[in-house]
Amino acid sequence: MTKQLLIYERAVPVTRQRHGSWSVKAGATFDFARGVNSVPLMVAEFGNASAEYTIVFGGAADEIIPVALLGIRDNENLYVNDTGAWAGNYVPAFLRRYPFVFSSDNANDADATFTLCVDEEFAGCNDEGRGERLFDADGERTQYLQNVLGFLQAYQVQFQRTKIFVKRLQDLDLLEPMQAQFTLRTGQRSTLSGFSVVNRERLKALPADRLAELMQADELELVYQHLASLRNLTPIAERIGGGAAAEAPDTAPAAPADFETSGNA
């Protein structure tokens, strides 16, 4: 498995033979996420995430997925501090599931078979008893490993629900490529591009029956949570160097571009 999954260096299937004596100490550091400026976000997270992150849509065509912006420059995560601690109130589920991940040859298929994998390069993986054991003395899954499986299964369900939401936005032609320009306190100009947002005018122009469909599916609320979260662009810029942005970001339509994210679960 490659860096296509952003934070995973060497994810391999979890087996009794290979990991029978392994333990995992997770949650102590987020250094593994220091180099990513966005991570996928599931729709169930919009309520918590919209309070402090900017939610936009990254990717292209069938791979578009909501993401939480963690920085405005490449390879910079402004929510991991110098000690590796998370400098935010809410940690996206994409990061909380690390170092575990489901692997599948066809992850976009609702009936796909998934294999539990662990990133063996994660510093918290060890055979010294630090953290939580994966298997007990009899070679059976521990409660910790069962909980991990349950969390990833729930994540996969939300991934499918999120795909349905994005598909509806695409079918309604509501997504518009945008870019944001920032002037930092130092005077430096920075441009963030390669993402899409919901176009408010197109949303307001929808027929009543289509708006009703969004509302009945609890997706109209998601749209407004996304739109409200755009106000967090300036606070994100203010995290750079501990200084405030000199001015609020200007946003304008832009051509689609690559964005640092992944559509895989």
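Observations on the structure shown:
- Any hit, the stretch 177-185, residues being outside any strand (DSSP E or B) and within 19 Å of VAL43 (Cβ to Cβ): no
- Here GLU76 qualifies as of a type outside the set (S, T, N, Q) and over 13 Å from the mean Cα position of the chain (by Cα).
- Count of the stretch 186-209 residues which are exposed (fewer than 15 other Cβ atoms within 10 Å of the Cβ) and in contact (Cβ under 8 Å) with a residue 12 or more places away in the chain: 5
- Residue match in the stretch 81-94 (condition: more than 30 Å from GLN188 (Cβ to Cβ), touching a residue at least 12 places away in the same chain (Cβ under 8 Å) and among the polar types (S, T, N, Q)): no
- Residues of the stretch 121-151 that turn out to be part of a helix (DSSP H, G or I) and touching a helix residue (DSSP H, G or I) at 6+ places or on another chain (Cβ under 9 Å), as a count: 1
- Selection within the stretch 8-66 - farther than 27 Å from ALA85 by Cβ, in contact (Cβ under 8 Å) with a residue 60 or more places away in the chain and among the hydroxyl-bearing types (Ser, Thr, Tyr): SER21
- Hey, LEU214 at pLDDT 95 or above, buried (at least 19 other Cβ atoms within 10 Å of the Cβ) and not in a loop (DSSP other than H, G, I, E, B) or not: yes
- Test set (1) more than 22 Å from ALA60 (Cα to Cα); (2) surrounded by fewer than 20 Cβ atoms within 10 Å (Cβ to Cβ); (3) out of contact with any Asp or Glu (no Cβ under 6 Å at 6 or more places or on another chain) - PHE122 fails condition number: (2)
- Residues within the stretch 1-60 that are surrounded by fewer than 23 Cβ atoms within 10 Å (Cβ to Cβ), small (Gly, Ala, Ser) and farther than 30 Å from ALA217 by Cα, tallied: 8
- Only one entry of VAL118, VAL43, VAL24, VAL14 meets the criterion of being β-branched (Val, Ile, Thr) and closer than 25 Å to SER196 by Cα, and that entry is VAL43.
- Taken together, the criteria exclude GLU132 from residues that are out of contact with any Phe, Trp or Tyr (no Cβ under 6 Å at 6 or more places or on another chain), among the acidic types (Asp, Glu), at pLDDT 95 or above and farther than 30 Å from GLU219 by Cα.
- Scoring ASN75 on the criteria (1) crowded, with 21+ Cβ neighbours inside 10 Å; (2) out of contact with any strand residue (DSSP E or B) (no Cβ under 7 Å at 6 or more places or on another chain); (3) over 19 Å from VAL198 (Cα atoms) leaves a single failure, condition (1).
The values are calculated or read from the model by the stated rules, or taken from the named source; none is laboratory data. Bear in mind that the values here come from a model prediction, so they are computed numbers and not experimental data. In this analysis, Cβ positions are derived from the backbone assuming ideal geometry, glycine residues included, and neighbour counts consider all displayed protein chains.
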